[in-house]
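Accompanying notes for the structure given below.
The values are calculated or read from the model by the stated rules, or taken from the named source; none is laboratory data. Source: prediction; values computed, not measured. Cβ sites come from the backbone with ideal geometry, for glycine too, and all protein chains shown count toward neighbours. Side chains included, ligands, DNA and RNA excluded: accessible areas come from the protein's heavy atoms. Shrake-Rupley method; radii C 1.70, N 1.55, O 1.52, S 1.80 Å.
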Amino acid sequence: MNFFSIAFLSALALATATRLWLTYRHVQHIQAHRAVVPSAFASDIALDAHQKAADYSGAKARLAMLHTVVDSSALLVLTIGGLLRLLNGWTEAWFTSEILQGTAFIVLFIVLTSAIDLPFSWYRTFNIETRFGFNRMTPSMWFADLAKTAALSAAFGLPLLLAVLWLMGKMGQWWWLYVWLVWVAFSAFMMAIYPAYIAPLFNRFAPMPESSLKTRIENLLAKCGFRSNGLFVMDGSKRSSHGNAYFTGFGKTKRIVFFDTLISRLTEGEIEAVLAHELGHFKLRHVIRRMLWTFGVSLVLLGALGYLKDEAWFYEGLGVAYPASNAMALLLFVLVVPVFTFLLQPLVAMYSRKHEFEADAYAARYSSARELIKALVKLYKDNASTLTPDPLHSAFYDSHPPASVRIARLQSLGGT
Ligand SMILES: [Zn+2]
């Protein structure tokens with residue numbers, strides 16, 4: 001135990017307590033507003049739908065609280081509790097090469113933490129989502145998804161991990177700069193191949209059939225000066241009845257994807273308005289700015305690891321003897337950073353909400369604020385999203401503004 005142990009334990013206690021407190025407030029707030037539909041939505045959303053949303057949000061929040069407690073405890077056991085030391089010792093007996101040993105150590109860690117997370121994922125899908133009528137997955141689909149994800153992670157993640165550990169060992173004090181370059185190239189590669197090669201392993205993508213909707217969408221794209229490599233409809237209904245629309249890829253591989261569930265629920269005018277919002281994110285450079293932020297932050301973090309890697313107090317504070325392997329440095333860092341950056345979460349959420357307001361304004365300008373409001377109300381209702389989140393919880397976490405605030409803003413832009 002040293003000063004860094006104290007700092008780590010204090011930050012972990014603060015982050016965990018804040019998470020639990022915010023989620024508790026959220027549950028209480030939703031419960032307190034369960035009896036009455038907020039007046040702005042009273043004509044569109046029935047009381048039973050409002051109460052379903054309250055119960056659904058409550059169920060998800062309670063699971064999140066349990067997950068928080070389990071994750072924080074696991075982090076303690078792994079670090080100061082000595083579990084990482086133990087796993088590392090095992091893999092040292094299996095391999096003599098430092099890179100292979102480090103890879104085995106990290107893989108062992110990932111398998112162990114996945115084993116902790118999987119029951120939560122299973123419960124969310126087959127208990128909560130099923131109970132509220134959203135789930136369409138069968139257990140065999142769930143296992144097939146898991147197997148595919150594991151195979152893809154191994155196929156792409158293992159070469160990346162081997163490369164990173166090799167660079168850490170061979171490139172001297174500037175290793176982190178090389179790792180960053182590899183990371184940026186790897187991310188760009190994954191983004192380029194995702195739409196055409198990875199997403200189809202999980203879903204079927206059919207080109208959108210010729211229709212009045214397609215003509216309407218093409219007109220909107222022309223009006224906004226947007227070129228894409230195709231409009232696709234995805235069989236999202238295979239897994240869940242939640243609806244969505246999104247863009248993937250970049251440059252020439254850029255695609256617009258609509259969930260079939262969205263198309264079946266919204267009118268043509270509403271779909272156009274939702275798409276205009278998404279186009280806004282592209283046209284206002286939100287997507288590229290977010291990517292640049294991610295790359296910038298990862299450079300700063302890797303630079304920080306470049307410094308910490310040779311500091312004895314960093315390892316000893318987390319229950320690991322110094323000197324330790326590169327794999328241990330990497331893993332400790334990845335585990336510990338989120339504990340210290342947790343309090344920055346509200347800034348990230350605020351930045352995202354600013355973009356949502358801007359994309360809504362874009363949609364109001366190029367499509368229709370009124371149609372977007374109608375679409376949002378339907379989506380809130382269909383997805384059983386709460387209309388009454390706790391304001392503090394929302395300010396801390398939510399990437400999207402609360403329904404009432406967002407719709408009031410759209411109304412001021414001409415949608416009544
Ligand atoms: Zn958005």
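In the range 385-400, the qualifying residues are those that are in a loop (DSSP other than H, G, I, E, B) and surrounded by fewer than 21 Cβ atoms within 10 Å (Cβ to Cβ), and the one that is farthest from the ligand (Cβ to nearest atom) is Ser385.
It is to be established whether one or more residues within the range 370-378 are under 22 Å from Arg285 (Cα atoms), within 14 Å of the ligand (Cβ to nearest atom), part of a helix (DSSP H, G or I) and in contact (Cβ under 8 Å) with a residue 24 or more places away in the chain. Yes, there is a match, as at least one residue in the range 370-378 is under 22 Å from Arg285 (Cα atoms), within 14 Å of the ligand (Cβ to nearest atom), part of a helix (DSSP H, G or I) and in contact (Cβ under 8 Å) with a residue 24 or more places away in the chain.
Scanning the range 35-53 for residues being buried (at least 18 other Cβ atoms within 10 Å of the Cβ) and more than 15 Å from Gly133 (Cβ to Cβ) gives a total of 4.
Being within 16 Å of the ligand (Cβ to nearest atom), crowded, with 16+ Cβ neighbours inside 10 Å and in contact (Cβ under 8 Å) with a residue 40 or more places away in the chain is a description that does not apply to Phe314. Inspection of the range 341-354 finds no residue satisfying the criterion of being buried (at least 21 other Cβ atoms within 10 Å of the Cβ), more than 13 Å from the ligand (Cβ to nearest atom) and either part of a loop (DSSP other than H, G, I, E, B) or within 20 Å of the chain's Cα centre (by Cα) (or both).
Table: residues versus (1) open to solvent by 40 Å² or more (accessible area, probe 1.4 Å); (2) of a type in the set (A, V, I, L, M); (3) modelled with pLDDT of 95 or more.
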site	(1), (2), (3)
Pro207	yes, no, no
Lys238	yes, no, no
Ala245	no, yes, no
Arg265	yes, no, no
Gly269	no, no, yes
Leu302	no, yes, yes
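Restricting the range 155-173 to residues that are closer than 15 Å to Gly303 by Cα and out of contact with any Gly (no Cβ under 8 Å at 6 or more places or on another chain) leaves a set whose member that is surrounded by the fewest Cβ atoms within 10 Å (Cβ to Cβ) is Gly172. Of the residues examined, Phe226 is not one that is aromatic (Phe, Trp, Tyr), open to solvent by less than 50 Å² (accessible area, probe 1.4 Å), within 16 Å of the ligand (Cβ to nearest atom) and within 19 Å of Ser385 (Cα to Cα). Taken together, Thr91, Thr149 contain a single residue that is open to solvent by less than 40 Å² (accessible area, probe 1.4 Å), assigned to a helix (DSSP H, G or I) and of a type in the set (Ser, Thr, Tyr), which is Thr91. Among the conditions (1) within 30 Å of Phe95 (Cβ to Cβ); (2) loosely packed, with under 14 Cβ neighbours inside 10 Å, the only one that Thr113 does not satisfy is (2). Phe357 falls short on exactly one of the conditions (1) open to solvent by 20 Å² or more (accessible area, probe 1.4 Å); (2) more than 15 Å from the ligand (Cβ to nearest atom); (3) within 29 Å of Ala188 (Cα to Cα), and that condition is (2).
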